[in-house]
Amino acid sequence: MSDGDYDYLIKFLALGDSGVGKTSFLYQYTDGKFNSKFITTVGIDFREKRVVYKSNGADGIAGRGQRIHIQLWDTAGQERFRSLTTAFFRDAMGFLLLFDLTNEQSFLNVRNWMSQLQMHAYCENPDIVLCGNKCDLEDQRAVKAEEAQELAEKYGIPYFETSAANGQNVAKAVEVLLDLIMKRMERCVDKSWIPDGVLRSNGHSSADGLPEDKTQETGKCSC
Amino acid sequence: IMENKPVWEQIGAGFVQHYYQQFDTNRVLLADLYTDASCLTWEGQGFQGKNAIMEKLTNLPFQKIQHSITAQDHQPTPDSCVISMVVGQLKVDDDPVMGFHQLFLLKNIDNKWICSNDMFRLALHNFGC
């Protein structure tokens with residue numbers, strides 16, 4: 001899984017109150033495959049998944065495929081003991097902000113998480129997808145879809161109702177986040193704004209990779 | 001075996017066993033171990049007095065917690081207190097196991113050992129501050 005055969009390594013961080021289902025969400029996204037690497041000494045838990053991203057160029061021609069190695073970081077429960085600090089946020093390129101549709105307080109706390117993100121992430125408007133999780137528990141719902149949608153619109157971020165239990169919209173939410181990030185990268189010809197370690201392009205030459213790969217455009221970013 | 005150990009070892013080990021047993025079963029009961037002069041530093045955040053300490057400890061957001069003590073050390077202090085350092089692991093709800101360190105200063109007041117100072121840290125090393 002961790003071999004170097006990819007074009008970009010992108011780190012996502014799952015955030016939200018304790019118990020909203022962050023770990024289950026990531027587990028569901030990685031097909032339940034147990035790639036979880038928990039490093040006790042450093043308190044990082046992350047899962048990995050490979051995807052191929054095809055951009056749709058403005059000219060309507062489907063772009064080449066880029067092999068993305070996604071690392072999904074979990075807070076591993078440490079947010080119960082301490083507030084997460086700058087160092088935790090700054091390495092992530094995109095954020096999955098989860099709340100629990102059956103727990104109103106977790107929804108109210110989305111505002112706090114947003115201000116934390118605006119303060120500590122690598123920039124003031126990082127790419128975020130808001131997920132109302134546990135949508136399978138419809139009879140226990142405490143947050144209306146419209147309320148959540150309204151909040152997401154206020155922040156200008158996409159909103160999905162997800163279920164880590166049955167998989168609904170889980171992959172969709174991650175795909176949309178990846179798309180936001182890839183679009184941001186394409187907008188920035190000069191990628192020097194991306195902080196160290198947030199996005200690592202692989203030095204691997206992709207000449208022997210996917211046939212549509214253009215080596216001059218991949219693997220050359222030294223950020 | 002306990003009887004052959006120095007008295008500060010017995011006091012410290014007895015406190016540590018009692019403290020984590022209460023913490024893991026019913027945190028509210030920890031109130032008996034602090035006084036209004038007690039200090040707690042929890043992940044760098046300070047709390048003084050029984051009420052403030054108990055508010056922090058009882059509001060930690062989890063249902064279940066289990067502590068497992070790896071090692072503990074105890075010493076007598078010049079003013080007849082006992083200082084104890086604990087290294088261990090904890091598991092909260094369904095989260096992965098995490099390491100922690102905790103330090104207690106135990107003081108005898110009216111023939112009862114209470115905790116006058118308490119410092120807690122998770123053993124995590126991926127932070128800048």
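The values are calculated or read from the model by the stated rules, or taken from the named source; none is laboratory data. Being a predicted model, the structure only gives us computed values, none of them experimental. Cβ coordinates were reconstructed from backbone atoms using ideal geometry, including for glycine residues, and neighbour counts include every protein chain displayed.
Quick notes
- Matching entry among A:Thr75, A:Thr102 (being touching a Lys or Arg at 6+ places or on another chain (Cβ under 6 Å), surrounded by 14 or more Cβ atoms within 10 Å (Cβ to Cβ), of a type in the set (Ser, Thr, Tyr) and at pLDDT 75 or above): A:Thr102
- The residue list B:Gln102, B:Gln22, B:Gln48 contains one member that is without any contact (Cβ under 8 Å) to a residue 40 or more places away in the chain and in contact with a helix residue (DSSP H, G or I) (Cβ under 6 Å, 6 or more places away or on another chain), which is B:Gln22.
- Here no strands (runs of 3 or more DSSP E) wholly within segment B:11-129 include at least 3 residues being acidic (Asp, Glu) and modelled with pLDDT of 95 or more.
- Once segment B:92-106 is narrowed to residues that are surrounded by fewer than 19 Cβ atoms within 10 Å (Cβ to Cβ) and closer than 18 Å to B:Leu33 by Cα, the residue that is nearest to the other protein chains (Cβ to nearest Cβ) is B:Leu103.
- Yes/no for A:Asp45 being under 22 Å from A:Cys131 (Cβ atoms) and either modelled with pLDDT of 80 or more or not acidic (Asp, Glu) (or both): no
- B:Gln89 vs. criteria surrounded by fewer than 14 Cβ atoms within 10 Å (Cβ to Cβ) and either touching a strand residue (DSSP E or B) at 6+ places or on another chain (Cβ under 9 Å) or more than 26 Å from B:Asp110 (Cα to Cα) (or both): no
- Condition met for A:Leu13 (within 14 Å of another protein chain (Cβ to nearest Cβ), in a helix (DSSP H, G or I), buried (at least 19 other Cβ atoms within 10 Å of the Cβ) and at pLDDT 80 or above): no
- Considering segment A:52-143, the qualifying strands (runs of 3 or more DSSP E), each wholly inside and each with 2 or more residues that are touching a Cys at 6+ places or on another chain (Cβ under 9 Å) and among the aliphatic types (A, V, I, L, M), run over A:94-100.
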